[in-house]
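The values are calculated or read from the model by the stated rules, or taken from the named source; none is laboratory data. No experiment lies behind these values; they were computed from the predicted model shown. Methodologically, a virtual Cβ is constructed for each residue, glycine included, from the backbone with ideal geometry; neighbour enumeration extends over all protein chains shown. For the accessible areas, the whole protein counts, side chains as well, though only heavy atoms, and no ligand, DNA or RNA atoms are used. Shrake-Rupley method; radii C 1.70, N 1.55, O 1.52, S 1.80 Å.
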Amino acid sequence: MKKTFLHGIVSGIMAAVAAIIYSGIYQNAEGTDFHKLINIGSMTGASLFGCMLMAIGYYLLERFNKENLKGLFNIVIVVISFVSIINPIGMTLPLDIKNPEMFPGLVVPMHFMPALAFLCLVPFFKNKKA
Amino acid sequence: MKKLIFPIAVGATLFFSAFTTFTSMNWKIADGYSVKFTSKDPSGVFTSLKGDIAFDANNLAAAKANLVIDVASINTGNGMQNTKAKNDSWFNADKYPTIKFTSSKFAKTATGYEVTGTMEVKDVKKEVTIPFTFVNNTFAASFMINRIDYHVGNTEGMNAHASTDLKIDVSIPVTQQ
């Protein structure tokens, strides 16, 4: 459990750092300002939340000896990440926010960062077989 | 000669004060204006408004307003909707880059004033009467508009869900020129 929990925390922090760096680069390059909608706190919170959900999923599969379903679970994670991009694309921003067409370009990649971070760290947190 | 000094002074004062009254009619649009449209779907704002306003509550016959809205400044809060609003079937911003209002008559009403003029949207020119108030150097108007009357979009396919009647709220703070 400890290892799975750590997996969630570390990958959540990694995804948050990636999102914060990407946000800085994107907003500076495009000259946009979405800080009213998305900030360091929300990026960190969302990344940790997503990665902890995945960690709970992994924990439950291990707990009930269904580790063979991890591959399927990984696919579900990716599909959910992909489907979740509908939200920022269809979102109506407050009217005082300029250039709303630039918002999906900022947020859509971030929706994949928790899954990327979690899945790429799987080998480092693999439970040793007895 | 001394007898003439006083009448000349009075005459000069009246003459120049007349010009003062004349110049005080002209107003410059200040920052903080807003042109909002609201409906069930879509809602949004136009962020660019230019124009000339001459208005004196005591001389409505001389009042006039020419307002120009930049269609490309539309903001619905959604990038895809903004792009769609500028395309051929909606505002066709490339061919008709502006929305124009040119006044022809001002009148006093029980609650404020009303202005009659020509609203030009796309290829449609239509006479409209808009009620408004002028308080604290701010013109404020609220009225309804039917987008179909101005050939903005249609009611077919995916456009069927878009409201045809939109409420327009305009607030224009001004400074004296």
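If the condition is being among the aliphatic types (A, V, I, L, M) and loosely packed, with under 13 Cβ neighbours inside 10 Å, then region A:25-53 contributes A:ILE25, A:ALA29.
Taking the criterion of being without any contact (Cβ under 8 Å) to a residue 24 or more places away in the chain and either among the small types (Gly, Ala, Ser) or open to solvent by less than 20 Å² (accessible area, probe 1.4 Å) (or both), the only residue of region B:83-103 that qualifies is B:ALA93.
None of A:ILE86, A:ILE97 is among the hydrophobic types (A, V, I, L, M, F, W, C), closer than 30 Å to B:ILE74 by Cβ, open to solvent by less than 80 Å² (accessible area, probe 1.4 Å) and within 14 Å of chain B (Cβ to nearest Cβ) except A:ILE97. Taking region B:34-86 as the region of interest, the strands (runs of 3 or more DSSP E) fully inside it that hold 1 or more residues being at the interface with another protein chain (Cβ under 8 Å from one of its Cβ atoms) are B:34-38, B:44-46. So is B:PHE139 among the hydrophobic types (A, V, I, L, M, F, W, C), out of contact with any helix residue (DSSP H, G or I) (no Cβ under 9 Å at 6 or more places or on another chain) and assigned to a strand (DSSP E or B) or not? Yes: the conditions hold for B:PHE139.
Residue-level check: of (1) surrounded by 15 or more Cβ atoms within 10 Å (Cβ to Cβ); (2) more than 30 Å from B:ASP41 (Cβ to Cβ), A:ILE56 misses just (1).
B:THR20 fulfils the conditions (1) assigned to a helix (DSSP H, G or I); (2) at pLDDT 85 or above except for a single criterion, (2). Restricting attention to region A:1-24, and to residues there that are under 12 Å from the mean Cα position of the chain (by Cα) and crowded, with 18+ Cβ neighbours inside 10 Å, which single residue is nearest to A:ASN99 (Cα to Cα)? The residue in question is A:ALA19.
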